[in-house]
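Before we start, here is the structure in question, set down as structure tokens.
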Amino acid sequence: MLKVGLTGGIAAGKSVVGEMFSKLGAQVIQADEISRQLMHPGEAVYHEVVRHFGVGILNPDGTVNRARLAESAFGNFATAGAEKKPSRVHELNQIVHPAVIQRQQQWMEQVAERDPGSVAIVEAALILEAGISKNLERIIVVTCRPEQRVERLARRLNLDEKTARNEVTRRMAAQLPDEEKIKAADYVIDNSGSLEATERQVADIYSKLKKEAGP
């Protein structure tokens, strides 16, 4: 089995690329989905996050309101008249990342037992920043043009352009710049063009990864 990390900045298209790899036969797990599961009421991570960030991040039913948590962790939007809140993203990462990494390791062990010749891909925004890369054998970085990040995030979250740009800026501040990610990458996927162009890159890379993974 070959252990692969799939990463990239916000709105670069990691999830779309991950789906393409999955369709080709790769085993793919999303760190964001693991994080969602760990923040379900009753989970240890849930209790720690609420203890650190307060009940103000909760919905009336006790579930975590991810938008409120993001504002508490990353600082607020840079809107006129708003009081600037300091970033606490490092504090959040210290709570969440160890548990996410543990779940990823357990998942990869299960995949190795079930399908020893598979390509197991962990999709996560902070693979390099969180030190997860040391547990992986190959790193794939997805990139796109800066303006595309804003456009895509605005569509995804139904935001106006200014708000989307502020959100991209504050999220990217917690991530390595693309230039640094690319230096650490074994493969780079340019997701600036058409889906067909991205699919061709994914297919080419997957064929190489599959050969490395073995029979």
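Please treat every number below as a calculation from the coordinates, not as lab data. Keep in mind the model is a prediction, meaning the values are calculated, not measured. Because the Cβ atoms are built from the backbone with ideal geometry, glycine has one as well, and the counts that use them run over all protein chains shown.
Using modelled backbone amide H atoms (1.01 Å from N, in-plane), which distant-in-sequence or interchain residues come within less than 5 Å of ILE189's amide H?
Distant-sequence amide H within range of ILE189: VAL141, VAL142, THR143.
Report the residue, chosen from ALA125, ALA31, ALA112, that carries the largest GNM mean-square fluctuation when the chain is represented by alpha-carbon nodes joined by springs under 10 Å.
ALA112
Could you tell me the relative contact order of the range 102-215? Use alpha-carbon pairs under 8 Å, at least six residues apart, and round to a whole percent.
Once divided by the residue count of the range 102-215, the mean separation gives 34 percent.
³J(HN,Hα) across the range 198-208 via Karplus (A = 6.51, B = -1.76, C = 1.60, θ = phi - 60°), whole Hz, x for Gly/Pro?
5, 4, 5, 5, 4, 4, 5, 5, 5, 4, 6
Consider a paramagnetic label point 7 Å from the Cα of GLU19 along Cα→Cβ; state which residues of the range 161-202 have an amide N under 18 Å from it.
Answer for this model: 190-202.
May I pose another question? Beyond 24 Å between alpha-carbons counts as too far, so tell me which of LYS134/LYS208; LYS23/LYS134; LYS134/LYS211; LYS14/LYS181 fall in that bin.
Numbers: LYS134/LYS208 21 Å; LYS23/LYS134 26 Å; LYS134/LYS211 21 Å; LYS14/LYS181 13 Å.
Correct reply: LYS23/LYS134.
Rounded to the nearest 0.05, what FRET efficiency do GLU161 and HIS47 give with R0 = 35 Å and r taken as the Cβ-Cβ distance? Could you check? Present the calculation step by step, with values, prior to reporting the outcome.
Working: r = 38 Å, r/R0 = 1.08.
The pair GLU161/HIS47 has a calculated efficiency of 0.40.
Restricting to bridges with both residues inside the chain, how much of the DSSP beta-bridge set is antiparallel, in percent to the nearest 5? Intermediate results must be reported in sequence, preceding the final value.
Details: 1 of 19 bridges.
Of those bridges, close to 5 percent are antiparallel.
Further question on the same structure: Between SER194, SER118, SER35, which gets the highest mean-square fluctuation from a Gaussian network model of the chain, Cα cutoff 10 Å?
Largest GNM mean-square fluctuation: SER194.
Starting from the coordinates of the alpha-carbon atoms of the chain, obtain the Kirkwood hydrodynamic radius over all distinct pairs and give the value in Å to one decimal. Intermediate results must be reported in sequence, preceding the final value.
Details: mean 1/r = 0.0547 Å⁻¹.
Roughly 18.3 Å, rounded to one decimal.
Pull up all non-local amide H partners of ALA11: gap of 5 or more, or a different chain, and H-to-H distance under 5 Å with H placed in the peptide plane.
Under 5 Å from the amide H of ALA11 lies no amide H from a residue far enough along the sequence or on another chain.
Using a Gaussian network model on the chain with a 10 Å cutoff between Cα atoms, which of ASN93, ASN166, ASN158 fluctuates the most?
ASN158
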